[in-house]
Amino acid sequence: MTPLPSPSPLVQSFIYGSTGWIVLNRAERRNSLNAEMWAAIPPLMKLLDEHADVRSIVIRGAGAEAFASGADISEFGEARNDAAAAARYEQLNGEAFAAIRGASKPVIARIQGYCIGGGLAIALACDLRVADGSAVFGLPPARLGLAYPLDGLRDLAAAIGPSAAKEMIYTARRLTAQDALRIGLIGRVAQDIDAEIEALCAEIAEGAPLTITHAKRALDHVTGRPGHGDEAEIARLSQRCFDSADYIEGRKAFAEKRKPRFLGA
């Protein structure tokens, strides 16, 4: 395991094999997210995304009680006491969500326990969401009187569709892991979440990185996720795949009936 320097002890990061990890490290507060934590996420995402050995990135909460129980409400009196302050706060967490979405590599949310509000928004900014049976999901803006950010609503609607998204917002109802699986909020419920994440990351690591980046950008484009690229960018990424050494390796490995060894070049 290789630890990475972090701007905050409340967000830790390390590399293990081909997987980069970001850990929301505030277990005593159920990993509730304060301004310091939001600000730490973008530089850590950049480090992991640019690291040559990393093929996928996993975000998790410290401990098993929560992925993240939401934004730290104790900050709201100062950070969101009026529209101007709320806009500054939303810019801070918006930059964190954009960094997660903008990674060229797959980003996976590993979810145990509470995944509420801002915590769910982080999970929705990820490409894939894997939970165990302890997971609990919810969006409480209608119980707090605040407006949910537009990009967050786009992520939510892209994941579960507008009707289910409206019901989540309107009711602020808590969902179990099975509820979340049924509506597509998560991709799977794992019996052993560590084994499930390890296997998923290993499968991703065997794929061609350029192909995966192209697919990520193209799918974000067709589903209208925030920050998605335009068709010209997607065409460039497609051309890069066909011009790559990995494409030559893929064809050669297929002909030789062996596993390809992709280098992302």
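The figures follow:
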quantity	calculated
Answer from A85, A79, A98 - the residue that is modelled with pLDDT of 95 or more and among the small types (G, A, S)	A98
Top-ranked residue in region 115-143 [being more than 16 Å from the chain's Cα centre (by Cα) and either assigned to a strand (DSSP E or B) or free of Cβ contacts under 8 Å to residues at least 12 places away in the same chain (or both); ranked as farthest from G207 (Cα to Cα)]	G138
Residue, modelled with the lowest pLDDT, within region 144-164, restricted to residues that are assigned to a helix (DSSP H, G or I) and within 23 Å of A85 (Cα to Cα)	L144
Test: I41 is more than 20 Å from I186 (Cα to Cα), within 15 Å of the chain's Cα centre (by Cα) and either of a type in the set (G, A, S) or crowded, with 19+ Cβ neighbours inside 10 Å (or both)	yes
Leading residue by the ranking (surrounded by the fewest Cβ atoms within 10 Å (Cβ to Cβ)) among those in region 6-31 that are in contact with a helix residue (DSSP H, G or I) (Cβ under 8 Å, 6 or more places away or on another chain), over 16 Å from S56 (Cβ atoms) and not hydroxyl-bearing (S, T, Y)	P7
Some residue of region 65-73 being part of a strand (DSSP E or B) and open to solvent by 10 Å² or more (accessible area, probe 1.4 Å)	yes
Residue within region 27-34 that is among the charged types (D, E, K, R), in a loop (DSSP other than H, G, I, E, B), touching a strand residue (DSSP E or B) at 6+ places or on another chain (Cβ under 8 Å) and farther than 17 Å from G94 by Cβ present	yes
Set G117, G63, G133: member being in contact with a strand residue (DSSP E or B) (Cβ under 9 Å, 6 or more places away or on another chain), at positive phi and at pLDDT 90 or above	G117
Yes/no for V107 being surrounded by 18 or more Cβ atoms within 10 Å (Cβ to Cβ), of a type in the set (V, I, T) and more than 14 Å from the chain's Cα centre (by Cα)	no
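So that you can scan it fast, the table gives a plain yes or no per residue for (1) part of a helix (DSSP H, G or I); (2) closer than 17 Å to D155 by Cα; (3) out of contact with any strand residue (DSSP E or B) (no Cβ under 8 Å at 6 or more places or on another chain):
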{"position": "L48", "(1), (2), (3)": "yes, no, no"}
{"position": "A86", "(1), (2), (3)": "yes, no, yes"}
{"position": "N93", "(1), (2), (3)": "yes, yes, no"}
{"position": "I100", "(1), (2), (3)": "yes, yes, no"}
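The values are calculated or read from the model by the stated rules, or taken from the named source; none is laboratory data. Predicted model only: the values in this text are computed from it and were never measured. Positions of Cβ are generated from backbone atoms using ideal geometry, with glycine treated the same way; all protein chains shown enter the neighbour counts. To get the accessible areas, we keep the full protein, side chains included, count just its heavy atoms, and leave off ligands, DNA and RNA. Shrake-Rupley method; radii C 1.70, N 1.55, O 1.52, S 1.80 Å.
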